[in-house]
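Report on one structure; see the data block that follows.
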Amino acid sequence: MQLILGRAGRDSLGAEKNPVDVMQLWGELLDDFYARSWRFLQVDNNTDLGDPDGAELAPPAMLQLLRVDILVPVLCYSVFWYTLNGIVDANFWTNMPEGIKRKRLVNVTTSLIHSSVSGFYFLIFLLRFPSLMFAAPMNYYGYLDTHILMVTIGYFIYDAIDLLINDKLSIQTGVLLFHHIAAVLFISIALASHKFVLFAYWALLMEVSSVFLHLRSIFHFSKMSTNPRYSEVTKLVLIGNLVCFIAFRFSVQAWMVIWAIVNRHNMHTFYLVMAIVAMSAFFLINMSLFLRILYSDGFMGSTKVSRKQLDALLEDNEYTALDQEGADDIEELKKDPEIA
């Protein structure tokens, strides 16, 4: 938006316009956009809503990420999440003994805060500006609108470092690190190119699903899921988790891939390949996660499923079995080839 205002702030002779006139021009531009008809799938030609420099027709200049207005906020947001995690550690779950369960509860609580803030921001943006989300996911750009993306990058950086420091190397850790690195790369493309900001918003709508996923983990680690007082709430969380998983992960991913194919002639091949490859990778991760959730929550019956068949992709699968068996030794748990 700042780029648009900057251009609108000069007349044809290069003279500065009154800021009031600039805001009026921007308002008229948006009013004109909102007056147009839009469809759930359409070609994004709305270059007037962003920087019309044709950046979508060339690979992104990733060195742009080293600019002060990107690098400094990302570092600050990373420190913020570290600080917030420390506050959670000092003030929450203090009645639990130190150990792997409390560590995971603190970490998941921090993750819940992030997914709640970011997920509902993106959901509200979608509900408030559906025409922008559906018609201009590639061309719309506003610097202030990128800060929520930097907040999320900061969170992924914090969580990746926390994994490396506090978790042992395992398939689970590797998958989560891959997820975080891929997500940071995906989001960074929008920051570097000044394009695809709202496309990144679409991808991060998955955080709405993560709210229920983290709640599910918290209920399980804290044993609230086995407390009769919380039985109805637990059922709502489990059902909400499945519904939001389908709506905000599988459905959103399908729409993003189809949109990229529809707009393939309006962007460089790099962006098309990134969209398809990234969504395919996340689909595999999400499908494995979904199957394990179905099994763990009893939606797949009593059939024994081997750890190798489902793979260890659920963020809390080791700790799920830990709670069910009552064991304190993670290494002993890993020797069990079956999911409890």
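Here, each number is a calculation from the coordinates, and none is a lab measurement. Not measured: the values here are computed from a predicted model. Here Cβ is always computed from backbone atoms with ideal geometry, including for glycine, and neighbour counts include all displayed protein chains.
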How high is the FRET efficiency from PHE283 to ASN91, r the C-beta distance, R0 35 Å, rounded to 0.05? 0.40
Could you pull the Rg and Dmax for region 90-130, using just the Cα atoms, both in Å? 15.0, 47
A chain fully extended from LEU66 to LEU164 at 0.36 nm per residue, minus the present Cα-Cα distance, gains in nm 32.9 nm
In what sequence do HIS114, HIS268, HIS220 fall when counting other Cβ within 10 Å, fewest first? HIS268, HIS114, HIS220
How would you rank LYS101, LYS168, going from fewest to most other Cβ atoms within 10 Å of each one's own Cβ? LYS168, LYS101
What's the long-distance tail for region 36-334, i.e. % of Cα pairs beyond 27 Å? 44 percent
Computed curve, region 43-190, Cα-only Debye sum without solvent term, log₁₀ I(q)/I(0) at 0.08, 0.11, 0.18 Å⁻¹, is -0.29, -0.53, -1.16
Least to most buried among VAL72, VAL43, by other C-beta atoms within 10 Å and fewest first, runs VAL72, VAL43
